[in-house]
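Everything below concerns the one structure shown next.
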Amino acid sequence: MRLFFASWPPAAAAEALSRWAEGARQGCGGRATPRERIHLTLAFLGEADAHAAKRLAQAIRLPRCGFLLEQSRYWAHNRIVWVGPAETPPALAALAAALGERERFAAHVTLLRKARKPRALPALPALDWPVGEFTLVSSVPGPQGPTYEVLGRYALQ
């Protein structure tokens, strides 16, 4: 199974980000992430065993954390527009590391794919993203984008 650990935003933040992405799309094209799929990937496991991933998740004993969405950027190397904190909070980086993220974790939320370089991105609304739990998610590729299935939810302390 293709798996990843994720944090999902509060409903109001997901709605605001979806609206922002549609506004940004006017200036750079691309495909917007649907509101219901907006998430922060904490650790991408790829093809992995779900039972082992669940055991790992159940062993996590870390505090709740969160971050502010303070910046929006375009990454030319993979043609995405993303939003995230100015700096990844240490508690969030510790969670990602505990979940198996092997690369240097840079908290970012992809909102547009296959985008052109924008002249400018719209002003980002001030949004808080609390992380009180994380999920184990299965991703199945499809013609309209991936289908996500939450396999488990795990509370932080």
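The values are calculated or read from the model by the stated rules, or taken from the named source; none is laboratory data. For clarity, every value in this text was computed on a predicted model and none was experimentally measured. Ideal geometry is used to build each Cβ from the backbone, glycine not excepted, and the neighbour counts take in all protein chains shown. The protein model used for the area step is the full one, side chains on, heavy atoms only, and it has no ligands, DNA or RNA in it. Shrake-Rupley method; radii C 1.70, N 1.55, O 1.52, S 1.80 Å.
Taking the Cα centre of the chain as origin and assigning +1 to Lys and Arg Cβ atoms and -1 to Asp and Glu Cβ atoms, the resulting dipole is close to 500 debye.
Length gained on full extension, Gln26 to Ala76, computed as 0.36 nm times the residue gap minus the Cα-Cα distance: 16.3 nm. Take the chain with all the other protein chains still there, run a 1.4 Å probe, and you get 55 Å² of accessible area per residue. Zone of Ala11 (label point 7 Å along Cα→Cβ, backbone N under 20 Å): which residues in segment 104-147? 127-135, by backbone N distance to the label point.
The average projected area of segment 48-157, computed from the convex hull of its Cα atoms over all directions, is 8.1 nm². If every alpha-carbon in segment 7-96 counts as one equal scatterer, what log10 I(q)/I(0) does Debye give at q = 0.15, 0.22 1/Å? Values, matching the q order: -0.73, -1.25. Put a dot 7 Å past the Cα of Asp49, heading toward its Cβ, do the same for Lys114, and the two dots end up 3.7 nm apart. Size estimate for segment 45-103 follows the Kirkwood approach: the inverse of mean 1/r over distinct Cα pairs works out to 13.7 Å. Computed over the chain with a Gaussian network model linking Cα atoms closer than 10 Å, the most mobile of Ile60, Ile80, Ile38 is Ile60.
Counting every C-alpha pair in segment 102-157, the share spaced more than 19 angstrom apart comes to 57%. Between segment 95-137 and segment 1-38, the alpha-carbon centres lie 10 Å apart.
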